[in-house]
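Following: one structure in structure tokens, then a few remarks.
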Amino acid sequence: MKRGFYIGRFQPYHNGHQSVLEHIAANVDEIIIGVGSAQLSHQGDNPFTAGERVLMIVRSLESVGCPFYVIPIEDIQRNALWVAHVRSMAPPFDICYSSNPLVVRLFSEAGIRVQSPPMYERETLCGTEIRRRMLNNEPWELLVPPAVIQVLKEIDGPGRLRQITGDD
């Protein structure tokens, strides 16, 4: 049994995440997805709750063909202890998938094998760009899976983002 771990903030979950997870699913028996910064929401850079992000992921991966677990993981602000924190929150895993330099370094130092999967259209498929488009009423829907569009409609995600970043 080979179990892989992948972490992100998923603010929001987008087609780049979907592409990476489909790649991972082809190489492992199970996937653990860590929803990082789980304690943050209702902020410009972190507008969505952990539960909303879990919903985006679960609905988007319904047909991925690989069992997966989605685990919210709060920040602890101590990088030297972070991997132990993650491991205490997640089922055991054999490999970590990440292209984030800090995540790669921390897991490598902890003796966990790390693989950096190819990133898909990174220039446009990033949460920062999607949130920018939402704020400016520009098209963003093609950058996320259909299930994410539905979740964001249910919670009025773009409206929330515009409201919490507005001036009083």
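The values are calculated or read from the model by the stated rules, or taken from the named source; none is laboratory data. Not measured: the values here are computed from a predicted model. Virtual Cβ from ideal backbone geometry, glycine too; neighbours counted across all protein chains shown.
So is residue 123 in contact (Cβ under 8 Å) with a residue 24 or more places away in the chain and either more than 16 Å from residue 6 (Cβ to Cβ) or among the β-branched types (Val, Ile, Thr) (or both) or not? Taking the combined requirement at face value, the residue does not satisfy it. Given the criteria of a type in the set (A, V, I, L, M, F, W, C) and over 20 Å from residue 134 (Cβ atoms), does residue 89 qualify? The answer is yes for residue 89. Filtered by the rule that a residue be farther than 24 Å from residue 86 by Cβ, in contact with a Gly (Cβ under 9 Å, 6 or more places away or on another chain) and not in a loop (DSSP other than H, G, I, E, B), the range 108-135 gives 131, 134, 135. When residue 19 is tested against (1) small (Gly, Ala, Ser); (2) part of a loop (DSSP other than H, G, I, E, B); (3) touching a residue at least 12 places away in the same chain (Cβ under 8 Å), exactly one condition is not met: (2).
In the range 57-74, which residues are surrounded by fewer than 18 Cβ atoms within 10 Å (Cβ to Cβ), at pLDDT 95 or above and assigned to a loop (DSSP other than H, G, I, E, B)? Across the range 57-74, the qualifying residues are 66, 67, 74. From the list 36, 8, the lone residue that is closer than 25 Å to residue 92 by Cβ, out of contact with any strand residue (DSSP E or B) (no Cβ under 7 Å at 6 or more places or on another chain) and without any contact (Cβ under 8 Å) to a residue 40 or more places away in the chain is 8. Annotation for the range 131-141: at least one member residue is out of contact with any strand residue (DSSP E or B) (no Cβ under 8 Å at 6 or more places or on another chain), farther than 17 Å from residue 9 by Cα, buried (at least 18 other Cβ atoms within 10 Å of the Cβ) and at pLDDT 95 or above. Scanning the range 34-56 for residues that are among the β-branched types (Val, Ile, Thr) and either assigned to a loop (DSSP other than H, G, I, E, B) or closer than 22 Å to residue 1 by Cβ (or both) yields a single hit, 49. Consider the range 3-51 and keep the residues that are aromatic (Phe, Trp, Tyr) and under 21 Å from residue 153 (Cα atoms). The one that is surrounded by the fewest Cβ atoms within 10 Å (Cβ to Cβ) is 10.
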